[in-house]
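Single-structure report; data block below.
The values are calculated or read from the model by the stated rules, or taken from the named source; none is laboratory data. Bear in mind the structure is a predicted one, so any value in this text is a computation, not a measurement. Glycine also receives a Cβ, built like all others from the backbone with ideal geometry; neighbour counts cover every protein chain displayed.
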Amino acid sequence: MIKEEYINNIIPHDSAYKHVDGSAEYTDDIIEPEQTLFGAIGWSKKAHAIIKKIDLKDVRLSEGVVSVFTYLDIPGRNDVGPVFDGDPIFAKKKVEFYGQPLFAVAATSIELARKAVLKAKINYKELRPIVTIKDSLEKKQTHFKVRKIKKGNPLKKILKSENYLKGNFTTGSQEHFYLEGQSAFAIPKEDNNLLVYSSTQHPSEAQQLIAKMLKQKSNSITVLVRRIGGGFGGKETNFMTAAICSLLAFKTKRPVKLRLDRDDDIILTGKRHEFYSEYEVGFDNQGLINGLKLKLASNCGMSPDLSYAINERALLHIDNAYHLSDIEIENHLCKTNISTSTAFRGFGGNQGMMSIENIIDNISRHLNKDPSEIRKVNFYKNNTKNITHYGMKIEDNVIGDIFEKLIKSSDYKKRYAEVKKFNKKNKHKKKGIAITPVKFGISFTTLHLNQAGALVHIYTDGSIYLNHGGIEMGQGTHTKIAQLVSHSLGLSFEKVKISSTNTSKVPNTSASAASSTTDLNGAAALNAVNKIKNNLETFIKSKYKIFYNKEPIYKDEQIIFGNRTFNFFKIIKEAYLNRVSLSSTGFYKTPKIKFNKEKFLGRPFLYFCYGASVSEVTIDTLTGENIVDRVDILHDAGKPINPALEIGQIEGGFIQGQGWLTIEEVKWKANGQITTFSPSTYKIPAVSDMPKKFNVEIYKDGKNKEKVVNKAKTTGEPPLMLAMSVFYAIKDAIASVKNYKKIPSINAPATPEKILMSIKNLTKN
């Protein structure tokens, strides 16, 4: 007897054992055939300059070098910009960031390739780089015209308010630091075909851009991805490595493997957008926001990439969980001479949320009230105050219930009082506590990306082959979709074979991003399964003269039509012998999405994910060091397909968010050179940074009201925003230094240095 349920149950990640014993195969693990070459990239040592001369003679003569290529060797489009032009594969006459690729080498070993690129002689005419948001705004260097959004009359509301605050706030950049770096392996095939293994979140777009670069049709390029060792958005659009690798293979007619080392990876690739905000806010004595004016600017780097969409999502999440009746926003997309800022878990939503949370926190300190009370006052309500600033009605609001349940389960009120008592008794060690909410919209804001395809085969022995457009990057997508398929057919999980994502099997896929991967691809897979089931049921009813109008039950390896039961494996064999199709494609498109980008009105999301976290920290006022003492999380995952995987995502997302807000700091010199380009200069959270107590629960009353697979909600991006409570707990601890009578000024990340500076500024006068 097999288990009745294969969803809503814990099943190990399909690659869990392989991850532990090291047998999980990634791009760089693929065994190279004979004659394989290895690539390396020669890149600019200037951030902004005219290229006067490139001398590659010594590079070509270097040991082991087979070929050297520049932009002159590209048959087609010298650009891998996914939406807008501006991302040249190789620079032509001008470089626009430190690390921009200039040429590439194919050599007989990776060591010889990397040695060869260092022998290039390049003469530059240096130009003054723009590195910061401030410089960009002063020079009016932007990628797009200023975007303005207005709802109501915020200025009037501000002027009539009982209280007024203004200020500014910055959230820093962040390096993706995925465990598997940027890598690709391209193998030429006959008729100019090319097989490309790539560590990418978007195989279809990689396929299309490689084809355009080589001046080939998409059907001649196959991109294959079994798994990637982390992406976090950094592999959603960064096609440079795959493109250069493909060019080397196409030109040499030999297999080529290209893997960036860690330093080059950080130098050459984009980061999370740094955001800067200026605000004016009017509010009453209860802390209710009446009017808000906001200037929001982001450092987009040298090219547009996905910056328009990322800033748009920031604007869509500037409310977080709060009803803003009157609001005006001015959005600047700053062009600078750093590597192109790109997608990162949260996709701008978290930067928008941090802006409003900073305002909410400052309001509470101005009024000398518990910040949790100010947050509750401003929450969206269920029957009133439920329309967002972009006109979408919120129909699934559970933030109030989650917030109250977490306050109770975490003993927030008691601990809030205990923290204040502790701070009165201790001079140099100070504690802080904060509770913050999350409301995050799920769907791509670009309409056509909300689609997915899948391919399902049932073989004559009853085993299942599953292929879909989603990428497995550790989040358990393959496992969860296989669970959905096995459950739908009433089979054990082991009967489903999870295959590599392959552009020749499922075409025109969307990126694994926007937290929509399981929603989209799971629905597409079930669509394919349902087509096969319909074929089976039609055959069974016809052959066995069954008049049964209800849906048959697939359970315990049986198909049940009322009082008639058929063994699944026997009927599959029988169906094959009777020429019944046991294979099908599936397709899904997200319903209800309709958003006017120009008017900034409509429904950009199918649903929202909700959550809340309480963090308690201790800071050392002499060193600026901080310890996260305890974290309590309550997160709405709907009806989870695999609770263990969801818990893992919540924990991992939170720690990554904690890193962004407290530890990880990307720095550039005034000349545009990045200085935090290695594990020795850029720190991510370690085991010692984990909360000492870490309590994570899934909201038991959660259930997605929309028609999504299993009524589940995604847990890819939203948990990262839960880490906001750590930052505001640190800010709370700083405030205690002056007995909570002054509003601390601190930007993210709250590094020890910034904590000390904030304390110093707070204690002046």
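Considering the stretch 598-631, and only residues there that are part of a loop (DSSP other than H, G, I, E, B) and in contact with a helix residue (DSSP H, G or I) (Cβ under 7 Å, 6 or more places away or on another chain), the residue that is nearest to S516 (Cα to Cα) turns out to be P604. Look at (1) within 30 Å of N219 (Cα to Cα); (2) outside the structural domain of G470 (by TED's automatic domain parsing) and you find that N521 fails only one, number (2). When the stretch 507-526 is filtered for residues that are closer than 16 Å to V496 by Cβ and surrounded by fewer than 24 Cβ atoms within 10 Å (Cβ to Cβ), only L526 remains. For S688, the conditions (1) part of a helix (DSSP H, G or I); (2) closer than 30 Å to Y98 by Cα; (3) free of Cβ contacts under 8 Å to residues at least 24 places away in the same chain; (4) polar (S, T, N, Q) all hold with the exception of (2).
Restricting attention to the stretch 292-323 and to residues that are touching a helix residue (DSSP H, G or I) at 6+ places or on another chain (Cβ under 8 Å) and in a loop (DSSP other than H, G, I, E, B), the residue that is nearest to K393 (Cα to Cα) turns out to be H323. R227 fulfils the conditions (1) under 30 Å from G476 (Cβ atoms); (2) of a type in the set (D, E, K, R); (3) part of a helix (DSSP H, G or I) except for a single criterion, (3).
Quick grid of which residues meet (1) of a type in the set (D, E); (2) touching a Lys or Arg at 6+ places or on another chain (Cβ under 8 Å); (3) at positive phi:
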site: N331; (1), (2), (3): no, yes, no
site: D361; (1), (2), (3): yes, yes, no
site: N378; (1), (2), (3): no, no, no
site: H389; (1), (2), (3): no, yes, no
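When N508 is tested against (1) at pLDDT below 95; (2) at positive phi, exactly one condition is not met: (1).
So which of Y459, Y416 is over 28 Å from A511 (Cα atoms), assigned by TED's automatic domain parsing to the domain that holds Q483 and not small (G, A, S)? Sole residue among the options that is over 28 Å from A511 (Cα atoms), assigned by TED's automatic domain parsing to the domain that holds Q483 and not small (G, A, S): Y459.
Yes or no, residue by residue, for (1) outside any loop (DSSP other than H, G, I, E, B); (2) assigned by TED's automatic domain parsing to the domain that holds K667; (3) crowded, with 18+ Cβ neighbours inside 10 Å; (4) not hydroxyl-bearing (S, T, Y):
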{"position": "P75", "(1), (2), (3), (4)": "no, no, no, yes"}
{"position": "A91", "(1), (2), (3), (4)": "no, no, yes, yes"}
{"position": "F97", "(1), (2), (3), (4)": "no, no, yes, yes"}
{"position": "L102", "(1), (2), (3), (4)": "yes, no, yes, yes"}
{"position": "K145", "(1), (2), (3), (4)": "no, no, no, yes"}
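Return yes when I133 is crowded, with 18+ Cβ neighbours inside 10 Å and within 30 Å of D319 (Cα to Cα) and no when it is not. Against the criterion (crowded, with 18+ Cβ neighbours inside 10 Å and within 30 Å of D319 (Cα to Cα)), I133 qualifies.
The residue that is surrounded by the fewest Cβ atoms within 10 Å (Cβ to Cβ), counting only those in the stretch 345-398 that are within 21 Å of K148 (Cα to Cα) and of a type in the set (S, T, N, Q), is T388.
Each residue in the stretch 156-211 was checked for being at negative phi, part of a helix (DSSP H, G or I) and not basic (K, R), and 12 pass. One residue alone among G234, G291, G301, G282 is among the small types (G, A, S) and on the phi > 0 side of the Ramachandran plot, and that residue is G301.
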